Amino acid sequence: MTCPYCRAGTGEGALVCASCGRDIAVPATLVAERDDLLRKREELRDELKRARDEAEAFMRRRHSR
């Protein structure tokens with residue numbers, strides 16, 4: 001993990017940066033929210049790719065007539 005303030009490397013799960021002394025703990029609720037948002041982002045990317053593939057296939061069929 002990297003301190004968001006001084007960019008020093010910190011131990012995984014550190015609550016305070018050993019270099020600058022600032023609080024770097026991340027509440028579990030924020031971690032869970034981040035994970036949920038990352039999952040939703042991946043789902044949307046997959047959905048967008050499927051839609052693009054369908055649109056491209058439609059255009060190919062249309063131009064082949």
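Each reported figure results from applying straightforward, stated rules to the coordinates on display, with no laboratory input. Quick caveat, the model's predicted, so the values are computed rather than measured. So basically every Cβ, Gly included, is an ideal-geometry build from the backbone, and we count neighbours across all protein chains shown.
Laid out as a table, the results:
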read-out	value
Sorted largest first, extent of the chain alpha carbons per principal axis (Å)	68, 22, 14
Sites LYS40 and ARG7 - FRET efficiency at Förster radius 30 Å, r taken between beta-carbons, to 0.05	0.55
Dipole of the chain [Lys/Arg +1, Asp/Glu -1 at C-beta], most positive-end residue of LEU38, GLY13, ALA28	LEU38
For the chain: relative contact order, % (alpha-carbon pairs under 8 angstrom, 6 or more apart)	16
MRE, 222 nm, helices only [DSSP H, n ≥ 4, -39500 (n - 2.57), over the chain, to nearest 500]	-20500 deg cm²/dmol
Dipole magnitude of the chain about its Cα centre (Cβ charges: Lys, Arg +1; Asp, Glu -1), debye to nearest 20	580
Per-residue ³J(HN,Hα) for segment 58-65, Karplus 6.51 cos²θ - 1.76 cosθ + 1.60, θ = phi - 60°, Hz, x for Gly and Pro	4, 5, 5, 4, 5, 7, 7, 7
Residues whose placed amide H lies under 5 Å from that of VAL16, excluding near-sequence neighbours	ILE24
